[in-house]
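Encoded as structure tokens, the structure appears first; notes follow it.
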Amino acid sequence: MKEINIGLLGLQGAIEEHEASVRSAAKALGIQLDIHTVLLPEDLEGLHGIIMPGGESTAMIKQGKKSGLLQALRNKLEDGFPAFGTCAGAILLSKRVKRDAHSEITEGAFPILDQTILRNGYGRQKDSFAVKLPIRGIVDEIEAIFIRAPIIEKTGEELKVLAEFGGKPVFVQQGNIIASTFHPELSGNNGVHKYFLKIISENTYQ
Ligand code: GLN
């Protein structure tokens, strides 16, 4: 696919860095890219994939419920629509979400990724930190910046773990969906955004 329309979920959180990274990735791959901020159900029309940024997952859910965007997007994702979620975005895409270590498990807004994710899993001491990591088949090394990041505690069979830190998955893929608990868009390395554009190009969902 030489022309791709990509959506950036704009309910809450920072999308500028994703925008810059996906633009440079498209340029490097010779893809003509159109970027659309997604706020309402009708903004999903004509898109080939969506990026869900970091931020506050609860605020995103609150915003997205009112307009019907969450339900419309959930339907598309269940049909195989490609998505790339970072941090809060990864929480939204999880089948099982824990608010804290002792809380009950609830469903994410888009319960697709077969994983249990614990919000703010690194606690206060390690609120934000950076480590260098490889992501299998994607980049040899990336600066992985974690910001009040969740921890993926358990994964099911459908999920491929492509990067780990501290013995826990930090980058996963299930079909056309990729998710990281860190922020590739802040690393200055557009390898993950290139990988997402490749998933979209090879995707049969239209
Ligand atoms: N702590 C946030 C949440 O639970 C996620 C943080 C982030 O996206 N950087 O939604």
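All of the numbers you see were taken from the coordinates with simple rules; none came from a lab. Note that the structure is a prediction, hence the values are computed from the model and not measured. Positions of Cβ are backbone-derived with ideal geometry, glycine not excepted, and every protein chain shown enters the neighbour counts.
Here are some notes:
- Taking a straight Cα-Cα cut-off under 16 Å and skipping sequence neighbours fewer than 8 places away in the same chain, the aspartates and glutamates within cross-link reach of K66 are E42, D43.
- Cα-only Debye scattering, the stretch 140-206: base-10 log of I(q)/I(0) at q = 0.26, 0.28 Å⁻¹: -1.26, -1.35
- Within the stretch 49-134, DSSP assigns beta bridges of which about 20% are antiparallel (rounded to the nearest 5).
- The stretch 1-87 pair-distance distribution - Cα-Cα, 10 Å bins, rounded %: 17, 52, 27, 4
- Chain lengthening between E42 and Q125 when straightened (0.36 nm per residue, less Cα-Cα): 25.7 nm
- Measuring r between the beta carbons of E143 and E104 and using R0 = 41 Å, the FRET efficiency lands at 0.70.
- Along its first, second and third principal axes, ordered by size, the stretch 92-176 spans 36, 34, 19 Å in Cα coordinates.
- Net dipole in debye of the chain [+1 Lys, Arg Cβ; -1 Asp, Glu Cβ; about Cα centre; nearest 20]: 420 debye
- On full extension, the segment bounded by E3 and K198 gains 69.0 nm, given 0.36 nm per residue less the C-alpha separation.
- Given charges at Cβ of Lys, Arg, Asp, Glu: the stretch 1-110 dipole, positive-most of I31, G80, I15: G80
- Spatially proximal lysines relative to K126 (Cα-Cα < 30 Å; intrachain offsets below 8 disregarded): K62, K95, K98, K154, K160, K168, K194
- Pairs of alpha carbons in the chain whose separation is greater than 28 Å (percent): 19 percent
- Label point of T58 set 7 angstrom out along Cα-Cβ; within the stretch 83-109, amide nitrogens under 12 Å from it belong to 99-100.
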